[in-house]
Structures are given as C-alpha cells and as structure tokens.
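The values are calculated or read from the model by the stated rules, or taken from the named source; none is laboratory data. Everything numeric in this text was worked out from a predicted model, so none of it was measured. A quick note on method: Cβ atoms are made from the backbone with ideal geometry, for glycine too, and the neighbour counts reach across all protein chains shown. What goes into the accessible areas is simple: the full protein's heavy atoms, side chains included, and nothing from ligands, DNA or RNA. Shrake-Rupley method; radii C 1.70, N 1.55, O 1.52, S 1.80 Å.
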Amino acid sequence: MNRRKFLNRSFWGLTGLGLFSGLYAWQIEPHWLEFVKVKMPIKNLPKDLVGKTLMQISDIHIGNRFDHNFVIDSFKKAKAYNPDFVVYTGDYVSTYKDKVLWDKLEETLQNLVKGKIATLGILGNHDYGRNWSQSEVADQISELLTKNGVQMLRNESTEINGVHFIGFDDFWGLNFDPAKAMHGFDSSKASLVLCHNPDVCDLDIWGNYNSWILSGHTHGGQVKPPFLPPPMLPVNNKKYSAGQFALSNNRTLYINRALGHLWQVRFNVRPEITIFELQNG
C-alpha cells in the first residue's frame, strides 16, 4: 500500500470511528440504564430490616433537553425490583429559558417508584430555578412530590421502622441548614443522610455522624475518557465523581451517576439507579 492510500484509508477510518462514537454518546449510552447493586452495612440496623432493599434515584432533570419518557420507562423497570425504601436525591427539573416544564414534570411524577415501607426525597440546586434563587419553584416542586407520595425532608429528619433518615436541603440553594437537619441525631440508632451535593461531606458539620451519605449532583461527569478522570465535575472536591467513598469518622459516601442528564450526552458513564441491600454493620 502506498503512502497516499494509507493516509486516505486512515482518514476515513478515523472519521467513521468519530461518527460512531458521537452517535453512541448521543443516542445509545444516555438511554442505557444500569441498575447498580451495593451492600449497605448500617450500624444498629433493626434485625427485621436486614436484607431489605433501598433504591436511590437521583437527578432526573425533567426539561426540554431530552425525552422525559426515558425517565418514565426507567421507573417502570425499577418497579419490578419492588424496593422496600426509595429515596430521591434531588434535581427533578432542568429549567428551559428560565421556566420549569410543569406538564412534563407532573406526568413524570405520576409514575414515581414507591417503596413498600417508605418513599423520601430531598431537593437539589436545579429545583431552586434560575441561578438557584427561586424559592417559589422549590416550594412548588416539593408540593408536587408530596402530592405524589414522597415525604420531603428539607433540613429535617424522620424515623421509619427504626432507621433515622436525615435530609439536607441543597448546598447551593436558599435553605441550606445542616445544623437544623442534624439536630437530634442519635449515634445509637441506625442513620442515613440524604445530601444532594457531595461537597457538603467536607464541611465541618458532621459531629460524630458515622454512617452512610447518599448524594447525586455530579452525574459522574457524564463523559469520562477511559483510564482518566472526568474532565468536568460541578464540585470543588474533584475526587467526588461517582460511586462509593470511605470518609473520615467511618462515614461512607455514595454518589449516584444520575438517571437523567442536563444534556443528552454520556460516554463511559451510564445512567444509574442504585439498589442497596441493607445489612447490619
């Protein structure tokens, strides 16, 4: 093969590879849902909850940038797992021209996955509307979620079947008050924190808390080159991409890769729904 033919074939080969990669990242991986199963040992877990399941769904981002029917179809698949607990960790919407697409959100929330024992949720930064500054948007989203069977925790805690669920309002929003959320924490009880933004894990707010923290927010970067970290993460601590992290004081952080996406592009970061199996820690 002469040099000209080699360069010509190389050019078309690389062009074809680039077109396939772009098509894959746009039309295939954003819809290739993965159910990730994780063992969750919790200190002081009541015996009757050992082996029960807790499902985490995060960042559905209903808006105008991808078809919300993907989220509804994902909910239908998730219901087949018949979870005992379901937690939603924020960012239910993406704004479009500073507006929430309420009709699409309402249709989606009517199809939510519910836990047999409990269904709980917290807010994320996008739930506060434009520049995370519209409290009325956050209130309306909370009302819709409550109407559809989700117990919202906005700097609040609740005890359900012997598990102390603590919900932080969003770090970037208008209502972040971790001291209020942690008030009444009892280290002798099984506990679990829902916190949308994992950067909160590095703040001096935790006292002697030593259990799990479930977060979202990062989407795993949405694009991750093989063997390299994601080039874009919306957090200060760039270690916080996705998956499980061991933190100080025996805390364990889990960052869900998100079910939805801000833009319909994913590469090496499939959309995720997490299923935790509760164990006595």
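Pick from Y240, Y209, Y24: which residue has the top mean-square fluctuation in a GNM of the chain where Cα pairs under 10 Å get a spring?
Y24
Suppose each label sits 7 Å from its Cα in the direction of the beta carbon; what would the E277-F227 distance come out to in nanometres?
For E277 paired with F227, the spin-label model returns 3.4 nm.
Would you calculate the separation in nanometres between label points at V38 and K238, each defined as 7 Å from the Cα along the Cα-to-beta-carbon direction?
With each label placed 7 Å out from Cα toward Cβ, I get 2.3 nm.
By a straight-distance test (C-alpha under 18 Å), which lysines pair with K79 as possible cross-link partners, with residues fewer than eight away in the same chain excluded?
Excluding near neighbours in sequence, the set is K37, K52, K114, K116.
Can you tell me the accessible area per residue over the chain, all protein chains present, probe 1.4 angstrom, in square angstrom?
Details: 13220 Å² over 281 residues.
For the chain, the solvent-accessible area averages 47 Å² per residue.
Using alpha carbons only, how many angstrom separate the centre of the range 203-255 from the centre of the range 23-75?
The distance from the Cα centre of the range 203-255 to that of the range 23-75 comes to 16 Å.
Using packing as a proxy for protection, rank 151-159, 176-184, 52-60, 124-132 so that the peptide with the highest average count of other Cβ atoms within 10 Å comes first.
Details: 151-159: 17.2, 176-184: 15.4, 52-60: 25.3, 124-132: 21.3.
In decreasing order of mean packing, 151-159, 176-184, 52-60, 124-132 become 52-60, 124-132, 151-159, 176-184.
Once phi is turned into ³J(HN,Hα) by the Karplus curve 6.51 cos²θ - 1.76 cosθ + 1.60 with θ = phi - 60°, what whole-Hz value does each residue of the range 136-142 show in order, with x for glycine and proline?
5, 5, 4, 5, 5, 5, 4
Long-range amide H contacts for L45: which residues qualify at under 5 Å (H placed 1.01 Å from N, peptide plane, sequence gap of 5 or more or a different chain)?
Amide H neighbours of L45, under 5 Å, 5+ apart: G281.
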